[in-house]
Amino acid sequence: MRARLSVFVCALCIPLATGSAQQKRDSMAGMDHMHMPGMKHDSAGMPIPMPAGMPMIPGLVGLVPPGGTFLPGAGVQVARLPAAKPTQVVRLGNGDTLDLTAMLVRRTIRGRDFAMYGFNGEVPGPLIRVPQNATIVVRFHNRIDLPSAVHWHGVRLDNRSDGAPGVTQEPVAPGGSFVYSVHFPDAGLYWYHPHVREDVEQAMGLFGNMIVDSPLADYYAPANSEHVMLLDDLLINADSLIPFGADGPDFALMGRVGNVQLVNGEPGYMLRVKRGEVARFYLTNTASSRTYNVSFGGTPVKVVASDESRFEREELVPSVVLAPAERYVVDVRFARPGRYAIVNAVQAINHYKGEFEPEVDTLGFVTVDDAPAKPDYARAFATLRANRAVTNEIDRFRKYFDKAPDKQLTLSVQTTGLPLATVQFMTIDTAYFAPVEWIDGMPDMNWLSTSKQVRWILRDDATGKENMDIDWHVSRGSVVKLRIFNDPKSFHPMQHPIHLHGQRMLVVARDGVPTRNQVWKDTALIPVGSTVDLLIDASNPGDWMLHCHIAEHLGAGMMAVLHVD
Amino acid sequence: MTGVSAPYCHPEERSDEGSAFRVDRKSRFLASLGMTGMALLIAAGPYDIPLFATPKAPAANGAARLVFAQSPFGIAVTADGHAQYDVQITVSRLPAPSSLGAFRSYVAWATTPDLQRWDRLGAITNGTTTVGHVALNKFLLVITAESDSAPRTHAGPTVLHGTSPSGWLQSFLNHPMFRGITG
C-alpha cells in the first residue's frame, strides 16, 4: 500500500483519473449514488464524535469508510518512542546546511500518548530563521513509515527544490534522503510541510515555520516581543486518534476538522506579557481544513503582513481570518493587566435544526502583568503605517488589474457511490450553503466519504479540462489574470483555499469589487459562490502546482500544474 | 406536490385519502407558487435576494446582492464570526415617496426574522445603491418609505421586502431521515 501511495501522493491523478471515466456529470455535480461499492457495515458502531445536538443520520449508523485504515507507527510501542520536543529556533546564514529528519515521536495530548510525527523530534519542527536573500541547504531524511517530501510553502525558490512529488521530484521513500536548496528572495513568514499524504503527515505533526528577516531595521514597526503561533486541530474520540484512510483520504467532502484545538502542537496555549506590551504574533494555519477567526480578548489587532509581503497599509481589525495555509503577521498591544482569552469564534450551522449557532473555542490565554513594558511602544502601535515600498512595487502591476482574465477556473465536485442517506440529506440541504463552512456539522457523512467516492475539481472554462489534465503554459515574466469561480450549485459546494507554488499573486477583486489594500499572497480563500480575480506575477520558471490546500481536497484530485516557461 | 403542501393546509381544506392529503385548487396554486418562488430564490445564488413588492407599491420590483465588506482577509467577518456584507440594492418603478403620504425617502433596513432588531442600512432610490453593512445570520431586507433619509426607527409603509439566502436553511427535525430521533 505504501509503495503504491508513493507514486501519487501529491499528484494522485492516476487512480482518480481511472475512476473519473466512470463518473457522471450534471449540474448537480455528477452524482451516481445508487450503489455503494466497498461500503461496509461495522458492528462496533461509529467512532466519530458528533457535534452537540446533532444526531447521526440513522441510515449511516454502523457504516465505515471503504478501504483499510492507517495510523502512524503500527506495531511500534508508543512508550518507547522519543517524546516530542518543543520547537527550537535555528538561525541560519547564507550557505548553511540543516539536517531535517521526519521521524516518529510520542505526543501526549489530554493525558493520552499517541504515536505521531515530528521534524527532528520537534512539534512543530524547527523554526528556521534566515536573512532575506540567503540560500540554505536542507538535507531531508525520511524516517517515518510513509513516503514523504518537504514543500517550502510560499518560497519563490528553484523549481527543483519545491518538494512536490509527481511534479518536481519523486517521493522520498522511508529510509531515503533528498537535498533541497532553498533560496529566500522575500522577507516574511513561511512554512514547510510534506506534499505527500498531507491529510496524514501534516495532521500528525510534520510542519514548521520559516521567518525571513529583512535587512531593513524598520521593516516592521517596533514590538516588545515576538511569538509564533501555528494553529492546528486534531480529531480524536474518547481514547484514540481517528484513523486515516489507507489508500487515500477519508473525510473527503469537507476535510478532517479536529475536535481538539492546538497551538504549536499543544492544547492550552499560554503567554505572559507585561502591561502595555506590543506582542507580535506570527500566525500560520496548518490545519487540514479548518478556517479560523482568531481574536485576542477583544483587543484591537493590527494587521501588518500576510503570505508574501507586508500590506500596503496596516489596518486595525477585531479578529484575524486564516484559511488553511494562510499566514498573517499581527501586532497586539495589551494595554491593561489581566487575562485575555485567545479564541476562535465562528457562526456554525446546525444542519439538523437549520439554524446558526455561535461556537467559541478557546485556543489559549495571555496573562498581562501589572509591571509596565519597556520601552513603551504605545505611540508606534497607534500609528497605522503606509508601506510605500510595497505600494511602489505593486504600482507596476496596476495596469493589469482590469484586464480580461487570461485563465478561468470553476471549482466543483463529482461524487459516486456515497451512502444513500448522505445523498438524500445533501440533496435536500442545498437550499443554502454558507460562504465558509467553519466547522464540520456533518462528521458522519464526511468521515464516510473517501477520495474514491469524491473527486474535487478545478475545471478550465476554456477547454473543459480538469485537474492534472489542465496544461497551462505561460511565459516567464508575464502577468497572468486568473479568475476562479466557486460553483455554488455543485453537489456539495465548499470554500477552497487555493495555493499556487513558487509564484506570488495579488487578489485584485472579489465578486467584482476591487481590493483596496493589497498584499502579495500565495494562498487565496475562494468562498462558496464567489468569483475571485488573482493577478499572478509569473516570474519564477518551472512547473508549479496550483491546488486546494484542504488536505483531503488535494488528495481527492483538486490540483493542476502551471508551467512557467 | 401533495406532500409539500399538506403540512401548510388548514385542516378543513384537506381530507385524508390513504396516507396522502388532498388539497383544494387554491391551496395547490399557492403551494405551487411558493415552490416556484423558492426554486427561483435558490437559482438566484447564495448572495442574491429577490425583492417582492407590497400593495403599497405594486409596480415596484428589485433585487439585492450581498457583497463582502472590504477586509484584509479572504472573507469579512465580525469578531464573533458573522459574515459582513455591503448590500447592493437595485430597484425600479418605485413611485415618488410623497405619493404614499408625508414621506421623502426610501430607506433599506435589515431586520432579524423575529423583527426584534432593525438595522438601518441607508437611503435608496430607483437604480442601484450600495448600502451597508449587514452582519446578521438570517435577516429580512425591508424597504420602507420614510419622512427623512436617516430615521432612527422605521415608521413608514413597507414597499419591498426579501429574505437573506441564509433564511432558506432548512430544519431536518421532522424529516423521515431522522424519524425516531428526538435530538
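DSSP bridge analysis restricted to the stretch A:225-391 gives an antiparallel fraction near 75%, rounded to the nearest 5.
Taking a straight Cα-Cα cut-off under 18 Å and skipping sequence neighbours fewer than 8 places away in the same chain, the aspartates and glutamates within cross-link reach of A:LYS452 are A:ASP32, A:GLU198, A:ASP199, A:ASP247, A:ASP250, A:ASP444, A:GLU466, A:GLU552. Around the amide H of A:ALA462, modelled in the peptide plane, lie the amide H atoms of A:GLN408, all under 5 Å away and 5 or more residues distant in sequence or on another chain. Annotation: peptides A:395-404, A:268-277, A:497-506, B:77-86, ranked by per-residue average of other Cβ atoms within 10 Å with the highest first, follow the order A:497-506, B:77-86, A:268-277, A:395-404. The simple spin-label model puts a point 7 Å past each Cα toward its Cβ; for A:ARG339 and A:LEU216 those points are separated by 4.1 nm. For the stretch A:78-213, the relative contact order works out to 27 percent when only alpha carbon pairs closer than 8 Å and six or more residues apart are counted. Working from label points 7 Å from Cα in the Cα-to-Cβ sense, the A:GLU226 to A:GLN77 distance is 4.3 nm.
Cβ crowding within 10 Å ranks B:TRP118, A:TRP191, A:TRP152 as B:TRP118, A:TRP152, A:TRP191, fewest other Cβ atoms first.
PRE reach from A:ASP370 (point 7 Å along Cα→Cβ): which of the stretch A:314-356 fall under 19 Å by backbone N? Answer for the stretch A:314-356: A:334-340.
Take every DSSP beta bridge whose two residues both sit in the stretch A:78-213; close to 60 percent of them are antiparallel. Its relative contact order, with pairs defined as Cα atoms under 8 Å and 6+ residues apart, puts chain A at 17 percent. Across peptide B:77-87, the average count of Cβ atoms from other chains found within 10 Å of a residue's Cβ is 6.
Between A:ARG396 and A:LEU384, the distance separating the two model label sites (each 7 Å from Cα on the Cα→Cβ line) works out to 2.9 nm. With a threshold of 21 Å on the Cα-Cα distance, the over-threshold entries among A:LYS274/A:LYS302; A:LYS302/A:LYS399; A:LYS399/A:LYS521; A:LYS407/A:LYS465; A:LYS407/A:LYS521; A:LYS403/A:LYS489 are A:LYS302/A:LYS399; A:LYS403/A:LYS489. Rounded to the nearest Hz, the phi-derived 3J(HN,Hα) couplings of the stretch A:360-365 under the Karplus curve 6.51 cos²θ - 1.76 cosθ + 1.60 (θ = phi - 60°) are 10, 10, 8, 8, x, 9, where x marks glycine and proline. Helix-only arithmetic for chain A: the sum of -39500 (n - 2.57) across DSSP H runs with n ≥ 4, divided by the residue total, places the mean residue ellipticity at 222 nm at -2000 deg cm²/dmol.
Annotation: the antiparallel percentage among DSSP beta bridges lying fully within chain A is about 70. Computed 3J(HN,Hα) for the stretch B:69-80, one whole-Hz value per residue from the Karplus formula 6.51 cos²θ - 1.76 cosθ + 1.60 where θ = phi - 60°, is 5, 4, 7, x, 10, x, 8, 8, 9, 7, 4, 9, glycine and proline marked x. For the peptides A:286-295, A:372-381, A:432-441, the ranking by mean Cβ contacts within 10 Å, running from highest to lowest, is A:286-295, A:432-441, A:372-381.
For the segment A:316-323, counting C-beta atoms of other chains within 10 Å of every residue's C-beta and taking the mean gives 4. Taking 0.36 nm per residue of sequence separation and removing the Cα-Cα distance, the A:ASP461/A:ASN94 pair yields an extension gain of 127.8 nm. Couplings for the stretch A:216-233, taken from phi via the Karplus curve 6.51 cos²θ - 1.76 cosθ + 1.60 with θ = phi - 60°, read 7, 5, 9, 4, 10, 5, x, 9, 7, 8, 10, 9, 8, 10, 9, 8, 7, 9 Hz in order; Gly and Pro are left as x.
Packing, taken as the mean count of other beta carbons within 10 Å per residue, orders the peptides A:233-240, B:57-64 from highest to lowest as B:57-64, A:233-240.
What the Cβ-Cβ distance of A:SER177 and A:ARG272 gives, at R0 = 30 Å and to the nearest 0.05, is a FRET efficiency of 0.15.
Legend: mean number of C-beta atoms from other chains within 10 angstrom of residue C-beta atoms, peptide A:513-519, equals 3.
Computed from the coordinates by the stated procedures, all read-outs in this text should not be read as laboratory data. Values in this document were obtained by computation on a predicted structure and should not be read as measured data. Note: ideal-geometry Cβ built from the backbone for every residue, glycine included; neighbour counts use all protein chains shown.
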